[in-house]
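Participant: Below is one structure. I have some questions about it.
The values are calculated or read from the model by the stated rules, or taken from the named source; none is laboratory data. Given the structure is predicted, the values throughout are model-derived calculations rather than measurements. Note that we place each Cβ from the backbone using ideal geometry, even for glycine, and neighbour counts take in every protein chain shown.
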Ligand code: ATP
Ligand code: MG
């Protein structure tokens, strides 16, 4: 089962990419595709379409497009597809770093909900929609 993570600009600028990737690797999760790019406004709006109209929407799009992010397709061998996305969400922690448990990525490195350091697809359906926004099939490797 594949899912998408985005190590957002706040983490890239702080040099946390390696630390974050290693947390997934330690679970036995494989990196099947990875790239650095500065998100276009069009793609940022597609990714966060469901947040349009929220009071934080404009700054969310601005944050995501102002500096580079690291995009990765994770390949997760679990028995149930839904467990793959829920495991990844458990590793990243609650949306609000103040509520995220210690030991999670957001709990250990996050400060503010409006400066979130990582995104992850929140269901197998979301993963299937989000991965093709950023990766061609030939950029994803099975091993
Ligand atoms: P993501 O989709 O980035 O993985 P999430 O699924 O945990 O995060 P969502 O509710 O989908 O949380 O929010 C998407 C993003 O919108 C958050 O990562 C955060 O940057 C921003 N956001 C969400 N809620 C708020 C809020 N109350 N105030 C400011 N920003 C927010
Ligand atoms: Mg979300």
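Participant: In the stretch 122-143, which residues are within 13 Å of residue 75 (Cα to Cα) and in contact with a helix residue (DSSP H, G or I) (Cβ under 7 Å, 6 or more places away or on another chain)?
Facilitator: 124, 127
Participant: Sticking with this structure for a sec: Tell me which helices (runs of 4 or more DSSP H) are completely within the stretch 6-111 and hold 1 or more residues being free of Cβ contacts under 8 Å to residues at least 40 places away in the same chain and touching a helix residue (DSSP H, G or I) at 6+ places or on another chain (Cβ under 9 Å), or say none if there are none.
Facilitator: Working: elements: 9-13, 17-25, 41-47, 57-66, 81-92, 105-109.
Fully inside the stretch 6-111 and qualifying: 41-47, 57-66, 105-109.
Participant: Could you tell me which numbered condition residue 120 fails, if it satisfies all but one of (1) within 12 Å of ligand 1 (Cβ to nearest atom); (2) more than 12 Å from residue 6 (Cβ to Cβ); (3) crowded, with 19+ Cβ neighbours inside 10 Å?
Facilitator: Result: residue 120 passes all but (2).
Participant: Oh, and also: If a residue must be within 14 Å of ligand 2 (Cβ to nearest atom) and either at pLDDT below 95 or surrounded by fewer than 18 Cβ atoms within 10 Å (Cβ to Cβ) (or both), how many such residues does the stretch 81-101 contain?
Facilitator: Looking only at that region, the number is 6.
Participant: Something else: So which of 76, 20, 29 ends up being within 15 Å of ligand 1 (Cβ to nearest atom) and in contact with a strand residue (DSSP E or B) (Cβ under 8 Å, 6 or more places away or on another chain)?
Facilitator: After applying the criteria, what remains is 20.
Participant: Separate question: Which count do you get for residues in the stretch 123-143 that are crowded, with 19+ Cβ neighbours inside 10 Å and within 16 Å of ligand 2 (Cβ to nearest atom)?
Facilitator: 4
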